[in-house]
Structures are given as structure tokens and as C-alpha cells.
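What follows draws every value from the coordinates through simple rules; no lab data is involved. Fair warning: this is a prediction, and the values are worked out from it, not measured in the lab. For neighbour counting, all protein chains shown are included, and Cβ atoms are generated from backbone atoms with ideal geometry for every residue, glycine included.
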Amino acid sequence: MSLVQSLSFTSGHVYFVGDLHGQYSLLLKAMRNVRFNPDNGDVLISVGDLVDRGPESLEVLSLLEKDWFYAVKGNHEDMLLKGIEAIEGKGSLTDLWNWRDFNGGDWFKENTDDANQVLRLLPKIKHLPIAIEIQTEIGCIGVVHASVPENNWLNTELLQDTATQKFVMWSRKNGLEARKQAYVTKKLGFKKSLLGLPETDSANAYNHHVTGIDAVVVGHTIMPNDEPAILGNTLYLDVGCAKGAAPVLYRADKLLENLA
């Protein structure tokens, strides 16, 4: 597994999408709405949590076979891998119960055609990176599932540490603060563009500024009103697919332009 995947593209648009949680049909609709076209070089980069809770987890996982689709590993992929290890007698039954009974993994039924398809895709799931870096003409954007430790961008050496990997996939430290600030901003009626920086105090924005990179995209924690939120140079892109909301596709160039 490559812990950090570096990408660059010479044509088309780079789009980011938040936690999908099995909402394949809603994703296709969102792609049509922005006229996503891989034939023109468009690519889609996911913050992870491809599976669970929604109705089409296998279909979303199948996107890993597309050359225009990229993803980091989310905590739900982590749970899937541990759950399947338990089924195979290699892991803890507690991990299996946690995934299936409490986190939406009950769609996986062993000894079925769908399960066999998941097992076929298992090498791709196991080898998902923990972080992605996308170099564009106007800046570098990093992608992780949940949060960046100490707001300092990551490298392969740091991610060798399993505790760091767990933080990156599971922590809600910054996400909960972003959700609170986004809610207060809307509640008080400040005007902001979907692509703009929320009205907030500079100290709060500083807390969400990740050094060592131009912008960061994360998911994991659902933002208010099913809309993305930006604090500092971090885009929070979980808009609630886990509860049936439509995903939002967010262009890389628009993100960097609005942070300039």
C-alpha cells in the first residue's frame, strides 16, 4: 500500500466528492449535473467511506476499477477490511459486530454473488492510500478522510505510525468545530458563497489552516444543511450521504481560487 499517492493531470477538471456511503445513483446524478466527462480528462477524487448505510455499496466500490476514480481509505473501509478478516477467522468478532450491527455493514452477506464481487475488489480496497496529493497549475491539494494531525500536512514517514493512520481516518476533532462554526454562520445570517470562506474569527480559521500544503479536503463529519464548509484552508465535504442526501462535486480549481 502506498500511504501517500501523488497525482497530477494535464487535461480535464479535478472534482472532489465527500463520503458516498453507498449512494451510487445519487452520485451519477450529481456527475451529470456538473457534466462530468472522463473522455475529456475529468477525474473524481473521493475522501473515502464509499460503503455502508446507503443502498448501493457494491456499485460504489466498483468505481475503484475506473481509471478516472481515486479514493483515500475511510474508516468504513477500515471496518470492512477488519470485518471480512473476522469472517475469514483472521480477526476479532468484535470488529465484525461493530461493522455490521452498528455501522451499516449488514449489506455484506457472505457466500453471495455480491460478497464474491467485494472479495474480488478486496486488493484494491486494501491498497487505498491514507492520503492523496494533487498537484495543479495553481497549487497543491491534499485529501484525507477525517483530519490532519496538528494541522501539519502528512508524509509517508509520519503515516508509518498506526496511531497517525487511525487519527487521519477516525478523528472528528476539527470536523466537529467546523460543523459548529458552519451552523453558527448560517444561524446568524451571514452571507457566504458555497465556494467561499465562512464568516468567522481569524483565530478559528487559523485552527483549520493546514501548513505544508495549499488546501485540504476531508469528510467524515456531516456539515449543516447538507452543504460543504470551508474553514482555514480546509474543505469539509461530508454533506450527509449516509442519511440519503445528494453528494456535492467540488472542483479543485474553484477551491484554490477561493482561497487565494
Restricting to the range 4-259, what percent of DSSP beta bridges are antiparallel, rounded to 5? 35
Counting other beta carbons within 10 Å of each residue's own, what order do PHE69, PHE108 fall into, fewest first? PHE69, PHE108
Tilt, helix 93-102 to longest principal axis of the chain (alpha-carbon atoms), in degrees rounded to tens, equals 60
Between LYS126 and LYS90, 0.36 nm times their residue separation minus their Cα-Cα distance comes to what? 11.5 nm
Please express the shape of the range 11-70 as an equivalent ellipsoid: the semi-axes are the square roots of 5 times the eigenvalues of the C-alpha gyration tensor, given largest first in whole angstrom. 19, 11, 10
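Tell me the volume per residue, in Å³, of the convex hull enclosing the alpha carbons of the range 37-125.
Per-residue hull volume (Cα only) is 94 Å³.
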Could you work out the relative contact order of the chain, using alpha carbon pairs under 8 angstrom and six or more residues apart, expressed as a whole percent? 24
Per-residue Cβ neighbour rank within 10 angstrom, fewest leading, ASP39, ASP19, ASP106: ASP39, ASP106, ASP19
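In nm, what is the difference between 0.36 nm times the number of residues separating SER2 and LYS243 and their Cα-Cα distance?
My answer for the length gained is 83.6 nm.
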Asserting the computed 222 nm helical MRE of the chain (DSSP H runs at least 4 long, -39500 (n - 2.57) per run, divided by residue count, to nearest 500) equals -10500 deg cm²/dmol
Calculated log₁₀ intensity ratio I(q)/I(0) where the Debye formula runs over C-alpha points of the range 4-259, q = 0.10, 0.11, 0.14 Å⁻¹: -0.46, -0.56, -0.92
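Taking K and R as +1 and D and E as -1, what net charge do the other residues with C-beta under 10 Å from the C-beta of HIS145 add up to?
Net of charged neighbours comes to -4.
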Compute the normalised compactness of the range 119-176: alpha-carbon radius of gyration over 2.2 N^0.38 Å, N being the residue count. 1.26
Using 0.36 nm times the number of residues separating LYS66 and PHE9, minus their current alpha carbon distance, what extension gain do you get? 19.0 nm
Can you give the angle from 0 to 90° between the axis of helix 113-126 and the longest principal axis of the chain, with both taken from C-alpha atoms, to the nearest 10? 50
Whole-Å distance linking the alpha carbon centroid of the range 79-132 with that of the range 1-69 is 20
Could you derive backbone 3J(HN,Hα) for the range 127-132 from the dihedral phi with the Karplus parameters 6.51, -1.76 and 1.60 (θ = phi - 60°), listing whole Hz in sequence and x where the residue is Gly or Pro? 9, 4, x, 7, 9, 10
Could you work out how far helix 24-33 tilts from the main Cα principal axis of the chain, as a 0 to 90 degree angle to the nearest 10? 30
Counted neighbours (other Cβ, 10 Å), sorted fewest up, put ASP42, ASP114, ASP161 in the order ASP161, ASP114, ASP42
